[in-house]
Amino acid sequence: MKVYQTNEIRNIALLGSSGSGKTTLAEAMLFEGGVIKRRGTVEAGNTVSDYFPVEKEYGYSVFSTVFSVEWMNKKLNFIDCPGSDDFAGNVVTALNVTESAIMVLNAQYGVEVGTINQFRYTEQVKKPVVFLVNHLDNDKADYDSTVTQLKERWGSKAVQIQYPVSTGAGFNAVIDVLKMKMYKWKPEGGEPEVLDIPADQADKAEELHNALIEAAAEHDDALMEKFFEEGSLSEDEMRNGIRAGLISRGMFPIFCVCAKHDMCVRRTMEFLGNVAPSPDQMPNFKTTSGTEVKVESSGPTSLFFYKTTIEPHIGQVSYFKVMSGKIKEGDDLINADRGSKERIAQLFVVAGQTRNTVPEMAAGDLGATVKLKDIRRGNTLNGKGGDFKFDFIKYPDPKYRRAVKAVNESDSEKMMEILIRMHEEDPTWMVEQSKELKQTIISGQGEFHLRTLKWRIENNDKIAIEYFEPKIPYRETITKMARADYRHKKQSGGAGQFGEVHLIVEPYTEGMPAPEMYRFNGQEYKISVRDTQTIELEWGGKLVFINSIVGGSIDARFLPAIMKGIMGRLEQGPLTGSYARDVRIIVYDGKMHPVDSNEISFMLAGRNAFSTAFKNAGPKILEPVYDVEVSVPADYLGDVMSDMQGRRAIIMGMESEGGFEKLKAKVPLKEMSSYSTSLSSITGGRASFIMKFASYELVPTDVQEKLLKEYEASQEEE
Ligand SMILES: Nc1nc2c(ncn2[C@@H]2O[C@H](COP(=O)(O)OP(=O)(O)O)[C@@H](O)[C@H]2O)c(=O)[nH]1
Ligand SMILES: [Mg+2]
């Protein structure tokens with residue numbers, strides 16, 4: 001392959017709901033580009049894009065696949081992304097290293113929740129979107145309703161550039177109102193016949209052509225002026241206006257295609273080559289230090305590694321974008337994140353798992369290399385004069401978690417290694433060895449996402465693992481003040497132990513006044529604050545520890561031990577062994593023994609005095625509550641609402657948007673355990689949700705009682 005310059009490159013993410021036809025389209029483009037001699041099919045499991053065993057097993061794309069096609073002197077780099085929201089991490093990555101996105105739609109279903117989800121990701125990174133309506137040969141295809149749904153949601157920004165003469169089994173022609181030509185295909189697709197628009201289509205084509213001219217003129221003042229003066233624009237001027245509209249996201253062109261029969265695929269690639277923005281036509285990237293980096297080959301060499309995979313027989317393949325400068329085979333670079341030196345022994349243009357070497361790549365290009373010594377996804381490698389570091393990809397928050405363990409204890413370490421490696425491959429697979437829950441927790445985007453991980457570990461690495469319900473990171477706190485004292489006394493053969501602590505506990509609230517006087521059972525306790533320590537607890541919330549000892553009843557050297565005892569009890573709360581938080585403690589009195597008092601005595605006395613006081617202070621369990629947002633087609637709203645109400649949800653609001661309802665609620669994490677599965681069964685996979693930690697809230701009394709019983713039972717088992 002020749003070396004393409006920045007303005008000859010187009011980087012495009014292939015998006016769209018599962019089954020909309022992205023992988024089939026990729027296959028047709030690779031075929032038309034001469035990269036493959038025969039088109040495979042998803043059904044036969046022999047496509048270029050779905051080459052991972054798990055993808056063949058499921059018949060879905062699970063990982064994004066990079067491939068390049070040369071078309072009309074342009075280099076089109078595509079990233080075919082999985083459609084399921086469970087694999088959103090791949091979509092977010094692809095959108096960050098490409099300049100525009102094709103959103104494939106299935107003409108049978110129109111705008112799906114998958115379409116909306118993936119469109120949301122394009123909004124987050126402000127990338128141009130071209131709508132491509134596929135499956136036009138399907139008898140249930142409804143192009144007009146699809147266009148109506150697009151306009152309902154995106155208004156006049158959704159502009160038709162093409163429409164099919166007919167849909168269903170007879171589909172073989174498209175009217176293109178940019179070119180003002182009809183494209184017609186033989187059953188085998190491929191090269192079209194380019195014909196004049198037939199008379200019976202002339203009015204409709206003219207109307208859409210004028211609408212397109214007007215839309216194109218809108219995005220460029222000079223074109224607008226020309227349009228007002230002359231009432232029309234040339235084809236090239238329309239292209240420039242459309243490109244400006246794409247880049248500003250003021251215009252989302254609508255195209256037609258039948259990927260399965262390879263119809264209108266060439267025209268789509270032509271449009272991308274002619275109109276989609278090249279890397280240097282989009283806003284500059286920012287480094288972690290805020291420096292703006294222009295995508296130009298005259299700049300210092302800098303590669304950003306956005307993806308790594310382990311491939312059979314070759315090991316790690318590392319995918320990069322040339323952020324600045326040029327890269328040549330044999331170049332030595334420095335890893336800005338890890339400091340290590342790397343030689344780029346080979347440069348590859350990839351198509352799935354096939355790789356072809358190229359001598360050089362220009363700024364903006366997408367390439368791959370192998371056998372790097374010390375690379376991680378997200379690293380930047382710089383040549384001389386380059387000291388850039390990039391970290392611009394923001395991954396979606398996890399929304400499904402499971403505890404995991406190896407079926408055979410002896411595999412645990414290996415399992416951990418693999419899980420960390422998998423996180424390297426898909427950053428939305430997050431693994432954490434939770435000290436608090438004493439579990440290894442995997443979190444991801446959904447049940448399917450974690451099931452895929454399990455499949456890979458069991459089939460590729462031959463390690464059996466099992467998932468189970470993860471514990472909930474509850475918290476404990478108090479709701480009123482209480483006083484307690486505790487004497488720790490031990491007389492055993494050797495040294496004795498003695499320590500007595502008197503303390504008051506009360507709920508901590510930000511900005512509460514310094515303590516002065518307390519009254520318990522009619523007795524007054526005057527407080528004279530000698531020292532206050534405010535500790536931000538690593539698990540959230542605060543501890544305020546006040547020394548109000550007078551008359552030396554406890555020597556100051558024992559206060560750290562008392563604090564240590566209390567911290568130990570905060571780490572393992574008195575109610576259910578969960579972290580306790582937001583407590584103010586005033587140690588106001590105590591007793592010592594000249595010989596037997598020591599640190600351990602006061603640690604234990606402090607710990608137990610605190611426990612007792614805590615239990616008398618209206619102790620409550622707090623649970624993590626999440627803000628949940630569900631996007632659901634209007635006709636499923638009722639079912640989703642009642643299901644939500646069964647999850648102790650507080651509905652916070654609702655918004656309607658183009659036939660979809662956005663439901664906002666606050667829901668305890670406990671109730672969200674397998675929400676992705678339930679939601680998908682309630683709505684037939686036509687809804688989706690996002691969730692974000694909001695706050696800790698008191699659990700209802702019945703839930704508290706249940707948790708206390710469960711904890712007691714678990715203690716008896718131990
Ligand atoms: N009839 C018809 N089927 C198609 C078309 N494009 C894709 N398909 C089928 O739709 C299914 C999903 O296609 P796939 O490319 O995997 O979709 P993806 O999930 O978006 O990658 C497969 O069975 C394809 O054969 C098309 O234009 N017409
Ligand atoms: Mg696919």
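Determine the dipole magnitude for the chain: charges of +1 sit on the beta-carbon of Lys and Arg, -1 on that of Asp and Glu, nothing else is charged, the reference point is the Cα centre, and the result goes in debye to the nearest 20.
For this selection, approximately 2220 debye.
Mind checking the angle between helix 221-230 and the chain's longest principal axis? C-alpha axes, 0 to 90 degrees, to the nearest 10.
For 221-230 against the chain, the angle is about 30 degrees.
If I compute solvent accessible area with a 1.4 Å probe over the protein chains, what percent of it on the chain is carbon and sulfur?
49
Calculate how many DSSP beta bridges within the chain are antiparallel, expressed in % of all such bridges and rounded to the nearest 5.
Bridges in the chain are about 80 percent antiparallel.
Residue by residue, what Karplus-based ³J(HN,Hα) values in Hz, rounded to whole numbers, does segment 49-62 have, using 6.51, -1.76 and 1.60 with θ = phi - 60° and x for Gly and Pro?
So the J values, rounded to whole Hz, are 7, 8, 9, 6, x, 5, 6, 5, 4, 8, x, 10, 7, 10.
Each label point is 7 Å from the Cα along the Cα-to-Cβ direction; what then is the distance between the points at Gln715 and Glu516, in nm?
If labels sit at Gln715 and Glu516, their model points lie 3.9 nm apart.
Subtracting the Cα-Cα distance from 0.36 nm times the residue separation, let me have the gained length for Met180 to Thr357 in nm, one decimal.
Length gained, Met180 through Thr357: 59.7 nm.
Which angle from 0 to 90°, rounded to the nearest 10, does the C-alpha axis of helix 447-460 make with the longest principal axis of the chain?
90
So what's the angle, to the nearest 10 degrees on a 0 to 90 scale, between helix 88-97 and the longest Cα principal axis of the chain?
Taking Cα atoms only, the helix is inclined about 60 degrees.
Taking the Cβ of Gly541 as the center, what net charge do the other residues with Cβ under 15 Å away carry, scoring Lys and Arg +1 and Asp and Glu -1?
Residues close to Gly541 contribute a combined charge of -4.
List every residue whose amide H lies under 5 Å from the amide H of Asp137, counting only residues 5 or more places away in sequence or on a different chain, with H placed 1.01 Å from N in the peptide plane.
Under 5 Å from the amide H of Asp137: Gly168.
Taking the Cα-to-Cβ direction at Ala169 and at Glu311 and moving 7 Å from each Cα, how far apart do the two end points lie in nm?
4.1
Label Tyr467 and Glu214 with points 7 Å out from Cα along Cα→Cβ: what is the distance between them in nm?
Between Tyr467 and Glu214, the simple spin-label model gives 5.1 nm.
How long, wide and thick is the chain, going by the Cα atoms along their three principal axes, in whole angstroms, largest first?
105, 59, 54
Expressed as a rounded percentage, what relative contact order does the chain have, with Cα pairs under 8 Å and six or more residues apart?
Result for the chain is 10 percent.
Going by average Cβ neighbours within 10 Å, how do the peptides 398-410, 62-74 rank, with the highest at the top?
Going from most to least packed, we get 62-74, 398-410.
Just the accessible area per residue of the chain, please: how many Å² with a 1.4 Å probe?
Per residue, the chain has an accessible area of 42 Å².
Quick query: amide H of Thr47 versus all other amide H atoms, modeled in the peptide plane; which residues come in under 5 Å with a sequence gap of 5 or more or a different chain?
Thr41
The values are calculated or read from the model by the stated rules, or taken from the named source; none is laboratory data. Just so you know, these numbers come straight off a predicted model, no measurement behind them. In this analysis, Cβ positions are derived from the backbone assuming ideal geometry, glycine residues included, and neighbour counts consider all displayed protein chains. In case anyone asks, the SASA skips ligands and DNA or RNA and just uses the protein heavy atoms, side chains included. Shrake-Rupley method; radii C 1.70, N 1.55, O 1.52, S 1.80 Å.
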